[in-house]
Amino acid sequence: MSLKKNIFANYVGVIGTALAPVLALSWYLNILGPKQFGLVSFVVMFQSLLTLIDAGMSQALVREIAIRFDTTSQQNTGSLLYGFERIYWVFAIIISCLTLLLADFIAKHWMSLDGLTINSGKEAIYGAVAIFACQFPGSIYRSLLVGTQKQVTLNSLLLIFTLIRHIGGVIVLMRWPILSTYLIWQAVIALIETLVRGRVSWGAINVKRNQCKWNSEELRPIWRLVASLSGVTFLGAFTLQMDRIFLSRMVNIEQLGYYAIAATVATGVLQLISPLMQAILPKAIQLRTNSIALYRLNIKLMGVLMLFVVLGVLAYTTLGQWILTLWLRTPETVTEVYPLLTVLLIGTGMNALCNVGYMNWIIHEKINRVFQVNALSFILSITLIPYFIKTQGTIGAAFGWLTIYSISLVLSSEWVKNRL
């Protein structure tokens, strides 16, 4: 399938998957109220933490699947899928069990419930675990569909289930406006989506699951790359959650909810970059031995990313506050969210430009560079973010990230110097 068609399919999918939760967010807030919505925000944050183990695995697997599907038999790709399919399900079960054992401690000693009961906090944790257990194994199927360039199929599934998850979520909450309704609905839809992705993925490589078997020799050659990339990317992804982790401890649950609204929008905006990166990565991997062609691709990609950033700045400065008012419907909420969102969007622009350098590190297996940058970001996050929150309040978390992204952008630009 052509690169342009994949990019187009990715954008159709990401616009739908980014807009649906953003638009549903104001309904969740108004139906559940600020405190209950704060628990929903905690669920989203906590679930994000649980899924961090996949951050590097999925990228390494996309790389390996793209190479195998292009140069070896489909049966070899099927063997890889069969093995990691089981690894993902085992991880989901183990992490879920460990988290459940810690639920009471987290609810009592970490969450700032601001008048809500301990049982409410534990209910939120149980829900996050259930959603994670149903959703995490679906990541291997996403990697398969990206690596085999079946991105039209993948984005069709993403769009359909995102709409079901959030439109249906609003409808059931209007009928039963309690937190458990939200949690059960999200978990059930996540499980159905994972099962459908699995069926589609096996069909995409035209191999039957019962034709494959566990083969450690088949998995061993790529396990080192998967394990090392998972470790360093886990560190980076965990670092990206530090603002909400510290906020969940240092501010009340209502303020965490306001920050989550701004962070949801900023994350949604950043997702506009992922279709481009997702479509280009397999192509860039194929050019890894052609430095001139790869450099030209890098230049084009950086130009497109900079265009996105400039257009985003113009759109936000002219229409940002008006759109927030139209969306959130309450002036008090807009007053809380607008300054947070402004700072987070500046950091989002910097983060977007880091993608070119990061992509080149992945292509050339420079895992040590990814680790160095992620380790520095982690150290800065645990020192700067608590200080900024303590001195400036909730917005301090956003300022902390602005500083860290600035440094990451400089370090990730080494691909320009290397080529020169």
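Worth a mention:
- Residues of region 305-336 satisfying the condition of being aliphatic (A, V, I, L, M) and touching a Leu at 6+ places or on another chain (Cβ under 8 Å): Leu305, Met306, Val309, Leu324, Leu328, Val334
Residue-wise test of (1) modelled with pLDDT of 85 or more; (2) within 17 Å of Thr239 (Cβ to Cβ).
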| position | (1), (2) |
| --- | --- |
| Ala315 | yes, no |
| Pro339 | yes, no |
| Leu345 | yes, no |
| Asn351 | yes, yes |
| His364 | no, no |
| Pro386 | yes, yes |
| Leu420 | no, no |
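- You will find that of Trp89, Trp110, the residue that is among the aromatic types (Phe, Trp, Tyr) and at pLDDT 80 or above is Trp89 and no other.
- Matching residues, region 245-257, being closer than 22 Å to Tyr405 by Cα and open to solvent by 50 Å² or more (accessible area, probe 1.4 Å): none
- Hey, Tyr338 assigned to a helix (DSSP H, G or I), touching a Lys or Arg at 6+ places or on another chain (Cβ under 7 Å), surrounded by fewer than 19 Cβ atoms within 10 Å (Cβ to Cβ) and in contact (Cβ under 8 Å) with a residue 12 or more places away in the chain or not: no
- The single residue among Ala107, Ala133 that is over 15 Å from Tyr88 (Cβ atoms), surrounded by 20 or more Cβ atoms within 10 Å (Cβ to Cβ) and in contact with a helix residue (DSSP H, G or I) (Cβ under 6 Å, 6 or more places away or on another chain) turns out to be Ala107.
Matching residues to (1) out of contact with any helix residue (DSSP H, G or I) (no Cβ under 8 Å at 6 or more places or on another chain); (2) on the phi < 0 side of the Ramachandran plot; (3) open to solvent by 50 Å² or more (accessible area, probe 1.4 Å); (4) in a helix (DSSP H, G or I):
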| residue | (1), (2), (3), (4) |
| --- | --- |
| Leu80 | no, yes, no, yes |
| Ile93 | no, yes, yes, yes |
| Ser112 | no, yes, no, no |
| Leu145 | no, yes, no, yes |
| Gln149 | no, no, yes, no |
| Val152 | no, yes, yes, yes |
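- Residue list for region 165-184, restricted to those being part of a helix (DSSP H, G or I) and either open to solvent by 70 Å² or more (accessible area, probe 1.4 Å) or polar (S, T, N, Q) (or both): Ile167, Ile171, Met174, Arg175, Ser180, Thr181, Ile184
- Residue satisfying all of: in region 362-396; of a type in the set (S, T, N, Q) and surrounded by fewer than 20 Cβ atoms within 10 Å (Cβ to Cβ); farthest from Arg244 (Cα to Cα) among these: Asn368
- Selection status of Tyr88, touching a Pro at 6+ places or on another chain (Cβ under 7 Å), open to solvent by less than 80 Å² (accessible area, probe 1.4 Å) and in a helix (DSSP H, G or I): yes
- When Ala128, Ala103 are checked against the criterion of being among the aliphatic types (A, V, I, L, M), modelled with pLDDT of 85 or more, under 19 Å from Ile184 (Cβ atoms) and more than 21 Å from the chain's Cα centre (by Cα), a single residue qualifies: Ala103.
- Tallying residues that are within 29 Å of Ala24 (Cα to Cα) and either open to solvent by less than 30 Å² (accessible area, probe 1.4 Å) or of a type in the set (Asp, Glu) (or both) within region 294-335 yields 7.
- Failed item in (1) farther than 27 Å from Thr239 by Cα; (2) in contact (Cβ under 8 Å) with a residue 40 or more places away in the chain; (3) of a type in the set (Ser, Thr, Tyr); (4) surrounded by 14 or more Cβ atoms within 10 Å (Cβ to Cβ), with Ser291 passing the rest: (4)
- If you filter region 250-301 down to residues that are of a type in the set (Ser, Thr, Tyr) and outside any loop (DSSP other than H, G, I, E, B), you find that the one that is farthest from Pro339 (Cα to Cα) is Ser291.
- Of the residues examined, Trp223 is not one that is assigned to a loop (DSSP other than H, G, I, E, B), open to solvent by 40 Å² or more (accessible area, probe 1.4 Å) and at pLDDT below 80.
The values are calculated or read from the model by the stated rules, or taken from the named source; none is laboratory data. None of the values given here were measured: they were computed from a predicted structure. Because the Cβ atoms are built from the backbone with ideal geometry, glycine has one as well, and the counts that use them run over all protein chains shown. Just so you know, the surface numbers come from the protein's heavy atoms only, side chains and all, with ligands and any DNA or RNA stripped out. Shrake-Rupley method; radii C 1.70, N 1.55, O 1.52, S 1.80 Å.
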